[in-house]
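S.K.: Pasting a structure below so you can have a look.
The values are calculated or read from the model by the stated rules, or taken from the named source; none is laboratory data. Note that the structure is predicted; figures quoted are calculated from it, not measured. With ideal geometry, Cβ positions are generated from the backbone for all residues, glycine too; neighbour counts draw on all protein chains shown. Each accessible area value is taken on the protein alone, full model and side chains, heavy atoms only, with ligands, DNA and RNA left out. Shrake-Rupley method; radii C 1.70, N 1.55, O 1.52, S 1.80 Å.
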There are 2 protein chains.
Amino acid sequence: MEARALKWWGWGFEDVRLEVASRPVLWAYLRERLKLDPTTVHAVVPLESVSVPPSLIEPADLAELGRAVGEANVSTEDADRILHAVGRGYKDLVRLRAGRIERAPDAVVYPEDEGAVRAVLELARRRRVAVVPFGGGTSVVGGVETPSGAGFAAVLALDLRRMRKLHEIDATSGTATFDAGVRGPVLEEVLNAQRFTFPHVPQSWEFSTLGGWIATRSAGALSNRYGTIEDLVVAVRLVSPTRTLDVRALPRDAHGPGIREIVLGSEGALGVITQATIRVHPMPQVRRFASRVFRSFADGLEALRGMAQGDALPDTTYLSDEEETQFALANAGIAPDGRARGTTGVTQSLLLMGFEGTSTHVAHARRRALPLARGSASLGSGPARRWFEDRLRLPYLRDSLLDHGILVDTVETAALWSRLPAVYDAGRKALQEALWGEGEAGLVLCHTSHVYHDGASLYFTFLARQRAGDEIGQWERVKDRVTRAFVDAGGALSHHHGIGADHAPHLARVLGEDGLVVLRALKRELDPDGIMNPGKLVPGSG
Amino acid sequence: MEARALKWWGWGFEDVRLEVASRPVLWAYLRERLKLDPTTVHAVVPLESVSVPPSLIEPADLAELGRAVGEANVSTEDADRILHAVGRGYKDLVRLRAGRIERAPDAVVYPEDEGAVRAVLELARRRRVAVVPFGGGTSVVGGVETPSGAGFAAVLALDLRRMRKLHEIDATSGTATFDAGVRGPVLEEVLNAQRFTFPHVPQSWEFSTLGGWIATRSAGALSNRYGTIEDLVVAVRLVSPTRTLDVRALPRDAHGPGIREIVLGSEGALGVITQATIRVHPMPQVRRFASRVFRSFADGLEALRGMAQGDALPDTTYLSDEEETQFALANAGIAPDGRARGTTGVTQSLLLMGFEGTSTHVAHARRRALPLARGSASLGSGPARRWFEDRLRLPYLRDSLLDHGILVDTVETAALWSRLPAVYDAGRKALQEALWGEGEAGLVLCHTSHVYHDGASLYFTFLARQRAGDEIGQWERVKDRVTRAFVDAGGALSHHHGIGADHAPHLARVLGEDGLVVLRALKRELDPDGIMNPGKLVPGSG
């Protein structure tokens, strides 16, 4: 993995690009909807011209870190510091591309085992150095951004990428134990060799890590079938500056309040996840797809609800609202049809479905699900298959949109079925009003891709022309407004992106002040000096 | 529910009894295996002769409690105090039957709403009165036993039975919100009226409460299909002496560490669960059963593992080991066959299966599951159906066994499939050696009734002649030995009975000392004066 260079300024591998102009129908559609000036080009500054503040790490500390993790596993190079300064949210990319990195870690350490993690935290505590645990660095909620160094001697990024060892595959139990720094492709390669798969495939899967998935309560495209990360983690170890939480590998227990569930979602603010035991599944024998189009998003949601409550949910579902359907059609090279009207566009809603497993399971699941897609028209398997195959590639499009001066970001929530229409309306209205209120033509797309008995997720993508010179301010106002709208309407603050720095100020609005008090008590116990990922998750912690 | 009197000295309704002598084959089998003297009869002392220590509650406090919860909702009657002194474990029943109640709550309060709960906790904190939250009182791990009053002005039992209000059925989301004191039958009656069911049916279902299920991390007979209680709770409220945790009703969120999962398993030691929103399901259209017999428990476990890992698990499974199969046959009136040899008895293992839901689901689930019961012989639907119908009645048998001077108790654990045989062997050996070491012929039965992708539960029933005059000591030695054996072999301290007072001294052995530190931090934050259910869950807390 490390051999293939990553972009310091954008998404993913250095050698992969996806130009919006290479999809002319989509590009024409966006130009029209966003009233773009097609001549606008926003270049990325050269890496050499990015200035980061000088490293504040003391030479003696650096030497001690070298002894703790190995000389080759410590870096104060600017390039490393820049790669670890921020995550991959819109705000992060805007700052990177402009070369405006106000804060960067003073050093990056790459421990190779848990002992080295302990040694780093021991030094950090003694020397009052802040530590930002860093998995794939793909957070879009400010989960890994460098905190203000105020009150700290220095800030370290603790990158887990060199901790990727397989400890055990327990084929009988269908479990495997890995170091937490392992990324999707390596994990999968190791498991596939024994005909197992780990069915957790978030869109960041190529870059994000097992520990990161656990720390952020991640969800992947197969969650309908196999659950989200909390359903796939059997056991986990967390090393804090003062404690080690070591959850016993059991299928289930009644051991009081869930220590495992305290580690899940801990976002580096309680300690470093070093190891986990996960549920692995047999590799699917077959994979089949189906695509349907409904008259409206509301009709599609109702079909999904019927499937979920009728034990008939496909293993993957991806339902786009009318606007996103139009975007998807444009992306597939199909021009918006003549019925397009105003901001709602075509009145159709695309549902992509995937089924995988044994041929028996797939046949049964299709027989159960498809009749419940009532009132829809079939588009065959193609659109769903293409989406599934293209889904890890799509995030690359964002960099090209940024090249053209487009604000593009995503926000997500979840709600009970009874509240979902209200949360959808509130989120959409908030985004539209906020974008247009900023004086820019906005485009707001939404889909539902995680479906449960009692509700579902909503994932919005929003686009508008950037306000030159005020890109971050523009984004912050939109983000704040939609976040409040979600929560006020009864939705989640986040379904699967997590809290990070961006959502931390809102956390009391979903947990209550007394819920925050509990988080603070956990933080105080596990990280008494407040050195772990300050400013993330726990409001006012940094 | 309250109209029908409960036994103060044994299990369940006063008017329901199940005499072992009414099942002559079973009775003959037990007499032989346990070398019983059939003339032994241990009578229960009359209620009038049970002496409890005088109530220590101050008249002023009592008056204030009356104002807080209503005069009619406070009692210092001996009968009420005795009913709330202990749970329904073996140790509890031995003490009750002998009239040896060393400790009882000084008063019992029956709040009718959350405001009254708050008022009680406020008084309790101010006056340093310990509070034992009391649901159905069916704990078998000392979860509700009256703590030593040392350091407290008095001890209150806070009985939730009068908090059973339905707040809302959200038919769209498939959820319902109830006060936490509601019991299984009332909950079910309310839901059934709208064609919903709550598929959580532990054996205590008639008596135990929604709040109790959540507080103890309970599991029911349909867990294979619908999950255990943590899979069925969407939202929950916990009122502590200083805080209120109010988890938002969402299908899923990424709001950091799980506050919901801190309330789950809190066992009254962090506060009082006052309300919960649960997932409800459509009432099953059909229910079908199948019974198979395997050559060995090991073969049966292997079949269950194949079903669980092959998406083919029946909605209910109940696999008895060879000894329990022999017991089940005797219970059904079938004498042990000629092949019985030594302590292992017949070499057969009975698997009972249940399927429920729509006819489509049931047909498919049967087609998937039954071929995986490889190497087994069919016994038709009868045994499984009879077990399912009889399962709430069977606990009544225990009182009759106690009448005949028999030690009878259950212990349970869970383990990964790879460790399950070792945990089974260790538990069985520990029980047998402990019972026989006590000089009594022991009988050790085991079944697996909760099955997961990565492992399963083990539930042991053990029987022996009581050691007259040392009944509790005999039990304590056996219990300690088997508990250690489970944990040492890699099993859970409890799969679904919880921690209570009985398991609390062992908790560090599964959570680690640092896990306990986290529990203590939670306790300190939510219950800073340590008045909530002292001595339960958190070791050294009372």
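S.K.: Could you compute the longest span of chain B free of trypsin sites (Lys or Arg not before Pro) located in DSSP loops and having at most 15 other Cβ atoms within 10 Å, not counting the site residues? Walk me through the numbers on the way to the answer.
M.R.: Working: sites that count: B:Arg4, B:Lys35, B:Arg128, B:Lys165, B:Arg195, B:Arg295, B:Arg339, B:Arg341, B:Arg374, B:Arg393.
Between the exposed loop sites, the longest stretch runs B:394-542.
S.K.: Then there is this: Mind jotting down the three principal axis lengths of the stretch B:209-338 based on Cα atoms? Whole angstrom, largest first.
M.R.: Principal axes ranked by extent give 64, 29, 29 Å for the Cα atoms.
S.K.: Considering only protein heavy atoms, what per residue accessible area in square angstrom results for the protein assembly as shown with a 1.4 angstrom probe? Numbers along the way, then the final one.
M.R.: Details: 36550 Å² over 1084 residues.
Per residue, the protein assembly as shown has 34 Å² of solvent-accessible surface.
S.K.: Which sequence of A:Asp502, A:Asp311 reflects their accessible areas, 1.4 Å probe, from the largest down? Walk me through the numbers on the way to the answer.
M.R.: Working: A:Asp502 25, A:Asp311 85 Å².
Largest accessible area first, the list is A:Asp311, A:Asp502.
S.K.: Using the Cα gyration tensor of the stretch B:155-256, with a ≥ b ≥ c the square roots of its eigenvalues, what is the shape: rounded (a/c below 1.5), prolate (a/b larger than b/c) or oblate (neither)? Write down the numbers at each step before the final one.
M.R.: Values: a/c = 1.37, a/b = 1.09, b/c = 1.26.
Here the stretch B:155-256 falls in the rounded category.
S.K.: Averaging over all projection directions, find the projected area of the Cα convex hull of the stretch B:22-117 and quote it in nm² with one decimal place. List each step's numbers first, then the result.
M.R.: Numbers: hull surface 36.3 nm².
Average of the hull's projected areas for the stretch B:22-117 equals 9.1 nm².
S.K.: For each pair in A:Lys7/A:Lys35; A:Lys165/B:Lys523; A:Lys91/A:Lys429, compute the distance between the two Cα atoms and list the pairs where it is over 27 Å. Display every interim value, and only then the final one.
M.R.: On the way: A:Lys7/A:Lys35 29 Å; A:Lys165/B:Lys523 36 Å; A:Lys91/A:Lys429 22 Å.
From A:Lys7/A:Lys35; A:Lys165/B:Lys523; A:Lys91/A:Lys429, over 27 Å: A:Lys7/A:Lys35; A:Lys165/B:Lys523.
S.K.: Can you give the Rg/Rh ratio of the stretch B:131-172, where Rg is from the C-alpha atoms and Rh is the Kirkwood radius? Before the final figure, lay out each step's value.
M.R.: Working: Rg = 15.1 Å, Rh = 12.8 Å.
Result: Rg/Rh = 1.18.
S.K.: From the phi angles alone, apply the Karplus equation (6.51, -1.76, 1.60; θ = phi - 60°) to the stretch A:238-255 and give each ³J(HN,Hα) in whole Hz, x where the residue is Gly or Pro.
M.R.: 3J(HN,Hα) across the stretch A:238-255, in whole Hz: 10, 9, 9, x, 10, 9, 10, 9, 10, 7, 5, 6, 9, x, 5, 8, 10, 9.
S.K.: Ignoring ligands and nucleic acids, what accessible area does A:Thr216 show with a 1.4 Å probe (Å², nearest 10)?
M.R.: My reading of the accessible area for A:Thr216 is about 40 Å².
S.K.: Here's a follow-up. Using 0.36 nm times the number of residues separating A:Ala332 and A:Arg367, minus their current alpha carbon distance, what extension gain do you get?
M.R.: Numbers: separation 35, 0.36 × 35 = 12.60 nm, distance 2.80 nm.
My answer for the length gained is 9.8 nm.
S.K.: Can you give me the relative contact order of the stretch B:402-531 as a percent, contacts being Cα pairs under 8 Å and 6 or more apart? Please report the intermediate quantities before stating the final value.
M.R.: On the way: 175 pairs, mean separation 39.4, N = 130.
So the answer I get is 30 percent.
S.K.: Let me ask something additional. Take the alpha carbon atoms of the stretch B:444-475, find their center, do the same for the stretch B:158-197, and report the distance between the two centers in whole angstrom.
M.R.: The stretch B:444-475 and the stretch B:158-197 have Cα centres spaced 32 Å from each other.
S.K.: Considering all alpha-carbon pairs of the stretch B:437-527, what whole percent are spaced by more than 22 angstrom? Don't skip to the answer; put the middle values down first.
M.R.: Values: 1727 of 4095 pairs.
Cα-Cα pairs in the stretch B:437-527 separated by more than 22 Å: 42 percent.
S.K.: Between copies, how close do the B:Ser51 label points come, placed 7 Å along Cα→Cβ, listed in nm from shortest?
M.R.: 8.9
S.K.: If you average 1/r over all unlike Cα pairs in the stretch A:242-316 and invert the result, what Kirkwood radius do you get in angstrom? The partial results should precede the final answer.
M.R.: On the way: mean 1/r = 0.0584 Å⁻¹.
After inverting the pairwise mean of 1/r, the radius is 17.1 Å.
S.K.: What is the ratio of the Cα radius of gyration of the stretch B:1-62 to 2.2 N^0.38 Å, where N is its residue count, to two decimals? Show your work: numbers first, answer last.
M.R.: On the way: Rg = 18.7 Å, N = 62, 2.2 N^0.38 = 10.6 Å.
Computed over Cα atoms of the stretch B:1-62, the ratio equals 1.77.
S.K.: So, one more: Considering only the label points, 7 Å along Cα→Cβ from Cα, what distances in nm to one decimal separate B:Gly151 from the same position in each other copy, shortest first?
M.R.: 3.3
S.K.: Starting from the stretch B:1-106, pick out the GluC sites (Glu not before Pro) whose DSSP state is loop and whose Cβ has at most 14 other Cβ atoms within 10 Å.
M.R.: Details: sites: B:Glu2, B:Glu14, B:Glu19, B:Glu32, B:Glu48, B:Glu64, B:Glu71, B:Glu77, B:Glu102; in loops: B:Glu2, B:Glu14, B:Glu19, B:Glu77, B:Glu102.
Of the GluC sites (Glu not before Pro), the ones in loops of the stretch B:1-106 whose Cβ has at most 14 other Cβ atoms within 10 Å are B:Glu2, B:Glu14, B:Glu19, B:Glu77, B:Glu102.
S.K.: Whose Cβ in chain B comes nearest the axis that rotates B onto A, and by how many Å?
M.R.: Closest to the rotation axis on chain B: B:Glu261, 2.
S.K.: When only alpha-carbon atoms are used, what values of Rg and Dmax, in angstrom, describe the protein assembly as shown?
M.R.: Reported Rg and Dmax, both Å: 30.2, 102.
S.K.: Given the stretch B:296-437, report the % of alpha carbon pairs whose separation exceeds 23 Å.
M.R.: Details: 4403 of 10011 pairs.
When all Cα pairs of the stretch B:296-437 are counted, 44 percent exceed 23 Å.
S.K.: What is the stretch B:454-542's relative contact order, in percent, from Cα pairs under 8 angstrom and six or more apart in sequence? Please report the intermediate quantities before stating the final value.
M.R.: Details: 49 pairs, mean separation 19.6, N = 89.
About 22 percent, as a whole number.
S.K.: Over the whole of A:518-527, what's the average partner chain Cβ count within 10 Å per residue? Rounded to a whole number, please.
M.R.: On the way: counts 12, 5, 1, 7, 7, 2, 3, 9, 4, 0.
What the average comes to for A:518-527 is 5.
S.K.: At A:Asp231, label 7 Å along Cα→Cβ: distances to the other copies, nm, ascending?
M.R.: 0.9
S.K.: Something else: What size of dipole, in debye to the nearest 20, comes out for chain B about its Cα centre when the only charges are +1 on Lys and Arg C-beta atoms and -1 on Asp and Glu C-beta atoms?
M.R.: Working: 64 positive and 67 negative charges, 255 e Å.
Once rounded to the nearest 20, the dipole reads 1220 debye.
S.K.: Roughly how large is the B-A contact in terms of buried accessible area, totalled over both chains, probe 1.4 Å, nearest 100 Å²?
M.R.: Numbers: alone 21480 and 21500 Å², together 36550 Å².
Adding both sides of the contact gives about 6400 Å².
S.K.: Same structure again: Take the alpha-carbon positions of the stretch A:63-136, form their convex hull, and give its projected area averaged over all directions (one quarter of the hull surface) in nm². Don't jump to the answer; show the numbers that get you there.
M.R.: Details: hull surface 21.0 nm².
Convex hull of Cα atoms, orientation-averaged projection: 5.3 nm².
S.K.: Additional query: Go from 0 up to the bin containing the longest alpha carbon distance in the stretch A:223-263, width 10 Å each, and give me the % of pairs per bin.
M.R.: In order of increasing distance, the bins hold 25, 51, 22, 2 percent.
S.K.: Take the alpha-carbon positions of chain A, form their convex hull, and give its projected area averaged over all directions (one quarter of the hull surface) in nm².
M.R.: On the way: hull surface 94.9 nm².
Convex hull of Cα atoms, orientation-averaged projection: 23.7 nm².
S.K.: What are the radius of gyration and Dmax of the stretch B:97-204, computed over its Cα atoms and given in Å?
M.R.: Values for the stretch B:97-204 (Cα only, Rg and Dmax): 16.9, 52 Å.
S.K.: Let me ask you something else. Using every alpha carbon pair in the stretch B:490-542, what percent of pairs falls into each 5 Å bin from 0 up to the bin containing the largest distance?
M.R.: 5, 21, 30, 26, 14, 4, 1
S.K.: Here's a follow-up. Determine the dipole magnitude for the stretch A:417-542: charges of +1 sit on the beta-carbon of Lys and Arg, -1 on that of Asp and Glu, nothing else is charged, the reference point is the Cα centre, and the result goes in debye to the nearest 20.
M.R.: Values: 14 positive and 16 negative charges, 31 e Å.
Around 160 debye, computed over the stretch A:417-542.
S.K.: Using a cut-off of 9 Å between beta-carbons, work out the net charge of the residues near B:Ala501 (Lys and Arg +1, Asp and Glu -1, B:Ala501 not included). Don't skip to the end; give the middle numbers.
M.R.: Working: positive: B:Lys536; negative: B:Glu145, B:Asp502.
With Lys, Arg at +1 and Asp, Glu at -1, the neighbours total -1.
S.K.: Which ³J(HN,Hα) values, rounded to whole Hz and listed in residue order, are derived for the stretch B:434-440 from phi using the Karplus coefficients 6.51, -1.76 and 1.60 in 6.51 cos²θ - 1.76 cosθ + 1.60 with θ = phi - 60°, glycine and proline given as x?
M.R.: 5, 5, 5, x, 7, x, 10
S.K.: Then there is this: Let me cross-check B:Leu329: its accessible surface, 1.4 Å probe, with only protein heavy atoms counted, in Å² to the nearest 10?
M.R.: About 50 Å², rounded to the nearest 10.
S.K.: Got the relative contact order for chain B handy, in percent, Cα pairs under 8 Å and 6 or more residues apart?
M.R.: Numbers: 1135 pairs, mean separation 91.0, N = 542.
Contact order relative to length: 17 percent.
S.K.: Per-residue ellipticity at 222 nm for chain B, helices alone: DSSP H runs ≥ 4 residues times -39500 (n - 2.57), over residue total, nearest 500 deg cm²/dmol? Spell out each step's value before the answer.
M.R.: Values: 18 runs with 184 residues, N = 542.
The per-residue figure over chain B is -10000 deg cm²/dmol.
S.K.: Between the stretch B:14-89 and the stretch B:383-404, what is the C-alpha centre distance in whole Å?
M.R.: 19 Å
S.K.: So in the stretch B:121-253, what percent of DSSP beta bridges are antiparallel if you round to the nearest 5?
M.R.: Numbers: 8 of 14 bridges.
Bridges in the stretch B:121-253 that DSSP calls antiparallel: roughly 55 percent.
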